[in-house]
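Data block below; observations after.
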Amino acid sequence: MADTQLIDGLGRRIDYLRVSVTDRCDFRCVYCMAEDMIFLPRQQVLTLEEIQRLAALFVSQGVKKIRLTGGEPLVRRGIVELCEGISALHGLRELVMTTNGSQLVKLARPLADAGVKRLNISLDSLDPAKFKAITRTGELQQVLDGIDAACEAGFERIKLNVVVMKGRNRDEVPALVDYALQRDLDITFIEEMPLGNVGRSRGESFCSSAEVREVISQCYQLLDSAESSGGPARYVRVDGYHESRIGFISPHSHNFCASCNRVRMTAEGRLLLCLGQENSIDMRALVRRHPTIDAPLLVALRKSLQSKPAHHDFSSDGEVQIVRFMNATGG
């Protein structure tokens, strides 16, 4: 069994792979990318066949959870078929996805039928004007309709993701919690991460998880929970709502690196060993150099994991610490 597990140099078991299937997106969220973006040439992006092969490789080495991300994964042609292929891999516990929700009216049920177990849907505002300002191009009603479609499609669980920013949506935290509670949805509040030059200082809008929790506690009685979804979030429940789950992802204020169990594959096939560092391995080059033999890929993968960093070095002072944008990393 030990030979089919991925263990990094600090003894952490890696059983969670996040895969960006595209750097392209139909939104231009202010915390994710610049307004005018240049996307990767298509020949630099992993093909669906290459993604499927790499997913199978990781599952053969003990990865139990795969999350498909972007960009916006649902703008990638052939995404439903890719989900069918990955979800059928023997040994995979669950295939999940993060999406902005814009395409869910037409794709929610096909995704559920294809084996996607859970969805994370970004929803940073319930005000149409604020939603437009944050996403630059998004239409709130389109996403709300997509959430409704997802609720009807039969996913095991649906979670809303909110990046909280002072001056933009901090005042909407109670309304977003209420929206989630009334629909029996999970909701997670995320501290903004300093990835990419988005044309403004992030420090002035930074809102810590502790601040968000305090805002929520003024409206609801919160109960600590030991639940885990296999990722970095810490959870609380709302008294009186037994199935409720409110999460906090706190890369600045509550570093979760000691228990890190994940790596990220970018759309161009860079395997990032840490979200907040540039350590990576070029899996695309390996796949294309060895189209039929996995052994060289496994040797390179296991060697690279020995240098997986102990932690990231994020700070909340507003400075860009990683040049790549979040859409290139995989949200």
Write out, first by first residue and then by second, each pair whose Cβ atoms fall under 7 Å of each other, whose residues are 6+ apart or on separate chains, and whose first residue, in the range 236-249, is without any contact (Cβ under 8 Å) to a residue 24 or more places away in the chain and closer than 20 Å to residue 120 by Cβ while the second is of a type in the set (Ser, Thr, Tyr) and buried (at least 22 other Cβ atoms within 10 Å of the Cβ).
-> 237/244
Answer yes if at least one residue in the range 290-307 is assigned to a strand (DSSP E or B), on the phi < 0 side of the Ramachandran plot, at pLDDT below 95 and out of contact with any Ser or Thr (no Cβ under 7 Å at 6 or more places or on another chain), and no otherwise.
-> no
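Being at positive phi and surrounded by fewer than 19 Cβ atoms within 10 Å (Cβ to Cβ) narrows it down to one residue among 91, 101; which is it? Write out each step before concluding.
On the way: 101 fails: surrounded by fewer than 19 Cβ atoms within 10 Å (Cβ to Cβ).
Selected residue: 91, the only one of 91, 101 that is at positive phi and surrounded by fewer than 19 Cβ atoms within 10 Å (Cβ to Cβ).
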Within the range 271-311, restricting to residues that are more than 19 Å from residue 7 (Cα to Cα) and of a type in the set (Gly, Ala, Ser), the one that is most open to solvent (accessible area, probe 1.4 Å) is 285
When restricted to 121, 147, 134, the only residue β-branched (Val, Ile, Thr), touching an Asp or Glu at 6+ places or on another chain (Cβ under 6 Å) and within 20 Å of residue 162 (Cα to Cα) is 134
Could you count how many residues in the range 137-153 are assigned to a helix (DSSP H, G or I), over 14 Å from residue 184 (Cα atoms) and either within 19 Å of the chain's Cα centre (by Cα) or at pLDDT below 95 (or both)?
-> 2
Taking the range 104-123 as the search range and keeping residues that are of a type in the set (D, E, K, R) and assigned to a helix (DSSP H, G or I), which one is surrounded by the fewest Cβ atoms within 10 Å (Cβ to Cβ)?
-> 106
Can you name the condition, by its number, that residue 94 falls short on among (1) under 27 Å from residue 205 (Cα atoms); (2) out of contact with any helix residue (DSSP H, G or I) (no Cβ under 6 Å at 6 or more places or on another chain)?
-> (1)
Taking the residues in the range 124-158 that are within 21 Å of residue 31 (Cα to Cα) and touching a Gly at 6+ places or on another chain (Cβ under 7 Å) as candidates, determine which candidate is most open to solvent (accessible area, probe 1.4 Å).
-> 132
Could you tell me which residue of the range 65-92 is nearest to residue 261 (Cα to Cα), considering only residues that are basic (Lys, Arg) and touching a strand residue (DSSP E or B) at 6+ places or on another chain (Cβ under 6 Å)?
-> 65
Would you confirm whether any residue within the range 32-48 is touching a strand residue (DSSP E or B) at 6+ places or on another chain (Cβ under 6 Å) and of a type in the set (S, T, N, Q)?
-> no
Return the total of residues in the range 154-179 being part of a helix (DSSP H, G or I) and touching a residue at least 60 places away in the same chain (Cβ under 8 Å).
-> 1
Starting from the range 203-230, keep only residues that are of a type outside the set (Gly, Ala, Ser), then list their pairs with residues that are at pLDDT 95 or above and in a helix (DSSP H, G or I) whose Cβ atoms are within a distance under 6 Å, requiring at least 6 positions of separation or different chains.
-> 207/170; 212/173; 215/173; 216/177; 219/174
Which condition does residue 75 not pass, out of (1) without any contact (Cβ under 8 Å) to a residue 40 or more places away in the chain; (2) surrounded by fewer than 20 Cβ atoms within 10 Å (Cβ to Cβ); (3) under 17 Å from the mean Cα position of the chain (by Cα), if it passes all the others?
-> (1)
Residue 61: open to solvent by 50 Å² or more (accessible area, probe 1.4 Å) and in contact (Cβ under 8 Å) with a residue 24 or more places away in the chain, yes or no?
-> no
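The values are calculated or read from the model by the stated rules, or taken from the named source; none is laboratory data. Here the structure is a predicted model, which means the values were calculated and not measured. When we count neighbours, we look across all protein chains shown, and the Cβ atoms used for this are built from the backbone with ideal geometry, even at glycine. The accessibility values were calculated without ligands, DNA or RNA, using every heavy atom of the protein model including side chains. Shrake-Rupley method; radii C 1.70, N 1.55, O 1.52, S 1.80 Å.
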